[in-house]
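The structure appears right after this line, and notes come after that.
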Amino acid sequence: MQVLRKDYLSLLEAGKDENTVVKVITGMRRSGKSTLMNQFIEKLKAAGVSDDRIFLINFEMAEYKYINDRTILNKWILDNIPKEGQCYVFLDEIQNVNDWEMSVSALQIMPNCDVYITGSNSKMLSSELSTHISGRYTEVKVLPLSFSEYLELHPSDDKDSRFRDYLRYGGLPVVNPDSDRTFIEGLLEGIFNTVLVKDVLYRLKTDDVSKITAIAKFLYSNIGNITNIDNIATETGISNPTVSKYVEEMSKAFLFYYAEKYDIVGKKILKTNGKFYASDLGIRNVIIGLGLARDISKPLENVVFMELLRRGYEVRIGSYRDWEVDFTAIGPDGVEYYQICETMLSDDTYKRESRPFKAIKDNCPKTILTLDKFGLGSDDGIKIVNLVDWLLDKN
């Protein structure tokens, strides 16, 4: 069973037949890039595009492993893709091909080719592709399933129970929460190891698994906490340059996302002391040896951060004088502020979470997300919303 990634499909459909623009689908391994590509191919066929106009290579498959550099890929293109008539070319996990970007550039200038590629490392955009195609690409950033998609893939009348599954096992489409727990944990650990080996260590030209695993465990243990290179180095006993290099590569492989700190009063970004968040909580829980821990405040914060990214916001952690605002989210309609709190039922907690909002005197929307089902509504312009309901309501 699959869930249609409707938001991502709409982005691909918007770029259909824009032959001069390469559509680049990025995201962590097993986040659903290949499935998205296949879903789009099915839409093309449903719209009347014949099979002989669709060309798909998955470079992870055994039959295409021999295509490992641009010379072989160029020959395959010349032998298989006609020079006339609209064609759709899909190259899946293209980073497995040496100098692949030059082949994509050649495809792009073929007037009859609409080109789509996927990759599991953001560096393919920052330096490898952009230098060859002069900005003529658009990126579709695929994240693990939203909770709404998760509930669609794994239906249940008890959405709260499913949300606990989501917190425990994460949102990778390949993970079925109703499977055997040991099997799930083995699967998640295998995905993590594959990302480290294929998308991080291979690119760093090293096999230093112990150091990078130690850094990953530290970051997973500290999601939602102020973190910088210095304290990672201090806690792990690894040099600052090595920590910096490994953290950068793990971020490029989409294991972690970084939120900068934003001074709401001074309206400026503070370059240090941001926070890291995990792309998938299931992998995080397996790697640091947690099931569903008692303290879920940081995982809840992680879920909200990823959902805001999914909804297209630029997300930063907020600082207002001596108080912290969990997220300052910048979207097409302006700035929104979010606090995340497991429960707001005590007066002390309510005062603590609402204090920075009441001090901020602008008119931007201010929302506190909580697992509470009582005491919701609006208070002095501050919305108090059930977090699970918010996740299921894109509006």
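The values are calculated or read from the model by the stated rules, or taken from the named source; none is laboratory data. Predicted model only: the values in this text are computed from it and were never measured. Heads up, the Cβs are rebuilt from the backbone with ideal geometry, glycines too, and the neighbour counts pull from every protein chain shown.
Looking at the structure I just gave you, is Leu204 over 21 Å from the mean Cα position of the chain (by Cα) and in the same structural domain as Asp372 (by TED's automatic domain parsing)? When the stated conditions are applied, Leu204 passes them. Residue count for region 346-388 satisfying the condition of being part of a strand (DSSP E or B) and hydroxyl-bearing (Ser, Thr, Tyr): 3. The set of residues from region 113-150 being under 27 Å from Arg5 (Cα atoms) and part of a loop (DSSP other than H, G, I, E, B) comprises Ser120, Asn121, Ser122, Gly135, Arg136, Val142, Leu143, Pro144, Leu145, Ser146. Only a single criterion out of (1) touching a residue at least 24 places away in the same chain (Cβ under 8 Å); (2) out of contact with any strand residue (DSSP E or B) (no Cβ under 9 Å at 6 or more places or on another chain); (3) among the charged types (D, E, K, R) is not satisfied by Asp165, namely (1). Selection of region 42-57 for residues being of a type outside the set (Lys, Arg) and surrounded by fewer than 18 Cβ atoms within 10 Å (Cβ to Cβ) yields Glu42, Ala46, Ala47, Gly48, Val49, Ser50, Asp51, Asp52, Ile54, Leu56. When Phe218, Phe276 are screened for being under 16 Å from the mean Cα position of the chain (by Cα), under 29 Å from Leu391 (Cβ atoms), of a type in the set (Phe, Trp, Tyr) and buried (at least 17 other Cβ atoms within 10 Å of the Cβ), only Phe276 passes.
Working only within region 301-343, note down all residues that are among the polar types (S, T, N, Q), touching an Asp or Glu at 6+ places or on another chain (Cβ under 6 Å) and buried (at least 19 other Cβ atoms within 10 Å of the Cβ).
Start the filter on region 301-343 by keeping residues that are among the polar types (S, T, N, Q), which leaves 302, 319, 328, 339, 343.
The next check asks that each one be touching an Asp or Glu at 6+ places or on another chain (Cβ under 6 Å); those that pass are 319, 339, 343.
Of everything in region 301-343, those that are among the polar types (S, T, N, Q), touching an Asp or Glu at 6+ places or on another chain (Cβ under 6 Å) and buried (at least 19 other Cβ atoms within 10 Å of the Cβ) turn out to be Ser319, Gln339.
Among residues of region 344-369 being modelled with pLDDT of 95 or more and of a type in the set (A, V, I, L, M), the one that is surrounded by the most Cβ atoms within 10 Å (Cβ to Cβ) is Leu369. Pairs meeting the criteria (first residue in region 353-365 and assigned by TED's automatic domain parsing to the domain that holds Glu336, second residue of a type in the set (Gly, Ala, Ser) and in a loop (DSSP other than H, G, I, E, B), beta carbons under 9 Å, at least 6 apart or on different chains) are Phe357/Gly381; Lys358/Gly381; Asn363/Gly381; Pro365/Gly381.
A count restricted to region 282-307 and to residues that are at pLDDT 90 or above and small (Gly, Ala, Ser) stands at 2. Per the conditions (1) at pLDDT 95 or above; (2) on the phi > 0 side of the Ramachandran plot, the sole criterion not satisfied by Gly334 is (1). Just checking, does region 70-90 include any residue being farther than 23 Å from Lys16 by Cβ and in a loop (DSSP other than H, G, I, E, B)? The answer is no, given that none of the residues of region 70-90 is farther than 23 Å from Lys16 by Cβ and in a loop (DSSP other than H, G, I, E, B). For region 370-395, which positions are within 23 Å of the chain's Cα centre (by Cα) and surrounded by fewer than 12 Cβ atoms within 10 Å (Cβ to Cβ)? Correct list: Asp393, Lys394, Asn395.
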